[in-house]
Amino acid sequence: MRFSHIQLFNQGLQNFSRIQGENLRIQEQISSGRKVLTPSDDPIAATRIQKLQDELTQNEQFQKNIRSIDLQLRAQETHIDGAEQILMRARDLTVQAGSGALTHADRQAIATEISSIRDEMLAIANARDGSGKYVFAGYQTNTPPYIETSDGRIQYAGDEGERKLTISSTTSMSLTTKARSIFTDISSIGNTFATRADESNDAVPPATISLGDITDQATFDTFFQNLPDDFIIVFQNPPTEYDVLRRSGGTYATSQPYVSGDDITIEGMTFAITGSPSAGDRFNIESRATQSVFETFDKLLIGLQKLGDSGPDSIELSRVIGSSLESMDNTLNQMLQARTSIGSRLNVAENTLNVHLDVELLNQEILSDIRDLDYEDAISRLSYQSFVLEAAQQSFSRIANLSLFNFLR
């Protein structure tokens, strides 16, 4: 078999290239700290590495979500705690206002402080987090959940949205505490009602409707239990008369004479409309079994500011004080339930975070075992390959010089 010099050189070059390539590969492993540089190095290991990296990325996102939930819930807990503190102060003032030793002037001074507490409560209900988002606003985090209308009422303008974040592959958690459950949907003492002017009214200045009161509880309870319904007062043209419509359909009363500020009584509910409404203006009377903490404050303030020291006023004041205290106690109970819910979610979030941290540590160890380089082994292999390359070069140099001409010379 003939073996030419061309074949000798080609084979030598191939060996040098192979050995040099292996040296470069080991050097890349050492510089990167990875023993699997490309999927072709070890397809099975590369697949496992990718899977572990995906799991670590997902785990990291879960941890971010949990920390975001933790911040949101702790902020809510802090604000609710603040609301409880000022509400307890309002309760103490309300008890004080019920003392028979106080005069009307004394009660007005108490009303001034309770009015300030009402404003503080509104600020808490419209609290924002560090990013400027409203804490209790549901989905509409850029819009305050409570607004004060032109007639001084505080109305809920948020939504019932419940924001959630995924905290594990099988679990999502709410980071929302609904404002209605804290400040609005509070069980009242017995059945009650609320009044409001319709947003479409166009009288200038707008006519207003009072908060109203139950003047015949038995009549109202019978109506509420047998046929709970809402009413709409619609002013005729000209607006010297009004009709009373049932929201469920039909007419309750027609062509009622209107006198600004006079009491209007429907099924035991008494209220007053003041001002000059336009034709077509509407006023809503909504029967319900709840009232907001702001309505509690407003009804209490009206009683403290308007009721005097006479016998009938004292009896009415006692009723207002008792109703206000029960509503405040119910509000405190709602706030306690909200904080309990927040505490439960914080515990779940903390436990889940600890699990994720343990899983992350385990996956990092497995990933390191599969992917990371053993430097001692790599340096030994590099030294060996360098020795092999040097020996191959020396051997090739000697063999390449063997020829008949060299022998004859």
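The values are calculated or read from the model by the stated rules, or taken from the named source; none is laboratory data. For clarity, every value in this text was computed on a predicted model and none was experimentally measured. Note that each Cβ is placed from the backbone with ideal geometry, even for glycine, and that neighbours are counted across all protein chains shown.
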When segment 192-238 is checked residue by residue, the ones that are among the hydroxyl-bearing types (Ser, Thr, Tyr) and free of Cβ contacts under 8 Å to residues at least 60 places away in the same chain are Thr215, Thr219, Thr222
What's the number of the only condition in (1) assigned by TED's automatic domain parsing to the domain that holds Phe235; (2) surrounded by fewer than 16 Cβ atoms within 10 Å (Cβ to Cβ) that Ala157 fails to meet? (1)
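Yes/no matrix, rows are residues, columns are (1) in the same structural domain as Ile342 (by TED's automatic domain parsing); (2) among the basic types (Lys, Arg); (3) modelled with pLDDT of 95 or more; (4) buried (at least 21 other Cβ atoms within 10 Å of the Cβ):
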residue	(1), (2), (3), (4)
Ile69	yes, no, no, yes
Gly98	yes, no, no, no
Lys133	yes, yes, no, no
Thr143	yes, no, no, no
So, in segment 46-62, of the ones that are exposed (fewer than 15 other Cβ atoms within 10 Å of the Cβ) and either over 43 Å from the mean Cα position of the chain (by Cα) or modelled with pLDDT under 85 (or both), which residue ends up nearest to Ser368 (Cα to Cα)? Gln53
Just checking, does segment 260-276 include any residue being within 26 Å of Met121 (Cα to Cα), modelled with pLDDT under 90 and surrounded by 14 or more Cβ atoms within 10 Å (Cβ to Cβ)? no
Scan segment 223-269 for residues that are outside any strand (DSSP E or B), small (Gly, Ala, Ser) and more than 15 Å from Thr195 (Cβ to Cβ) and jot them down. Ser248, Gly249, Gly250, Ser260
Out of curiosity, is Thr254 free of Cβ contacts under 8 Å to residues at least 24 places away in the same chain and farther than 28 Å from Glu316 by Cα? yes
Sole residue being closer than 27 Å to Ser188 by Cα, out of contact with any Gly (no Cβ under 8 Å at 6 or more places or on another chain) and part of a helix (DSSP H, G or I), chosen from Glu316, Glu350, Glu326, Glu286: Glu326
